[in-house]
1. Taking the condition surrounded by 15 or more Cβ atoms within 10 Å (Cβ to Cβ), within 22 Å of R98 (Cα to Cα), touching a residue at least 24 places away in the same chain (Cβ under 8 Å) and touching a helix residue (DSSP H, G or I) at 6+ places or on another chain (Cβ under 9 Å), does G183 pass?
2. Looking at the stretch 26-41, which of its residues are surrounded by 15 or more Cβ atoms within 10 Å (Cβ to Cβ), within 17 Å of C124 (Cα to Cα) and without any contact (Cβ under 8 Å) to a residue 40 or more places away in the chain?
3. When both residues are 6+ apart or on different chains and their Cβ atoms are under 8 Å apart, which pairs have a first residue that lies in the stretch 1-25 and is more than 20 Å from R52 (Cβ to Cβ), and a second that is at pLDDT 85 or above and exposed (fewer than 13 other Cβ atoms within 10 Å of the Cβ)?
4. If I filter the stretch 1-54 down to residues being in a loop (DSSP other than H, G, I, E, B) and among the hydrophobic types (A, V, I, L, M, F, W, C), which single residue comes out as modelled with the lowest pLDDT?
5. Looking at (1) more than 28 Å from A187 (Cβ to Cβ); (2) touching a residue at least 24 places away in the same chain (Cβ under 8 Å); (3) assigned to a helix (DSSP H, G or I); (4) touching a strand residue (DSSP E or B) at 6+ places or on another chain (Cβ under 9 Å), can you tell me which one I110 breaks?
6. May I ask you to say which residue of E162, E139, E174 is of a type in the set (D, E) and at pLDDT 95 or above?
7. Just checking, does the stretch 78-93 include any residue being part of a helix (DSSP H, G or I), β-branched (V, I, T) and either within 21 Å of G183 (Cα to Cα) or in contact with a helix residue (DSSP H, G or I) (Cβ under 6 Å, 6 or more places away or on another chain) (or both)?
Amino acid sequence: MLKKIVFATNNAHKLDELRQIMGHSYQVLSLADINCHDDIPETESTIEGNARIKAEYVKQHYGYDCFSDDTGLEIDALGGEPGVMSARYGGVAHDSERNIDKVLRLMDGIPMERRTAHFRTVICLIQDGQEHTFEGRVEGHILTERHGTGGFGYDSIFRPLEADGSTFAQMTPEQKNAISHRGRAVAALVAYLQDK
């Protein structure tokens, strides 16, 4: 029988991506699966802090071992922005088109060699009363326009260095998961869980 673990999200894209990466190791439950319909506040000023606050909330209020992630796109030419504000950079939470529009507007005229950026995912796991943190990171460049229709978030303007020139939005889920920030953080999480 598969062990159950809660992923503190109701983001269908994240959940699908994570279930693909974790395979058959665990039964990954969403917040909806445990009847958590609370709007868990993400009030911390860091990616690490927001990951922790969500995992702690689920453990405290619902009693499940839980992990939570937070991800940020950190663009060097913008001083690390949008960072912790990535999901609401355009002024409205989870409006990817507005977020991308703002990035492209702020970076207008910046040459490609100065358009360096990285995605960073931090996962906080609370299990058996212990807290563990796992990080994944992928380096790349911000393009001047959208390319591809897959993925979500900033995927259509982020071209990872380790790819063949494709953006994340031009890759299959398997290709993206093999090199993505979330894929790497989850791989570290899975390796830890499998050792237990």
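1. Taking the combined requirement at face value, the residue does not satisfy it.
2. Within the stretch 26-41, V28, L29, S30, L31, I40 meet the criteria.
3. Filtered contacts from the stretch 1-25: Q20/E174.
4. Only one residue tops the list, namely M1.
5. (3)
6. E139
7. Yes, there is a match, as at least one residue in the stretch 78-93 is part of a helix (DSSP H, G or I), β-branched (V, I, T) and either within 21 Å of G183 (Cα to Cα) or in contact with a helix residue (DSSP H, G or I) (Cβ under 6 Å, 6 or more places away or on another chain) (or both).
Okay, residues lined up against (1) hydrophobic (A, V, I, L, M, F, W, C); (2) in a helix (DSSP H, G or I):
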| residue | (1), (2) |
| --- | --- |
| V138 | yes, no |
| H141 | no, no |
| T144 | no, no |
| G148 | no, no |
| G165 | no, no |
| R184 | no, yes |
| A187 | yes, yes |
| Y192 | no, yes |
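The values are calculated or read from the model by the stated rules, or taken from the named source; none is laboratory data. All of these numbers come straight from a predicted model, not from anything done at the bench. A quick note on method: Cβ atoms are made from the backbone with ideal geometry, for glycine too, and the neighbour counts reach across all protein chains shown.
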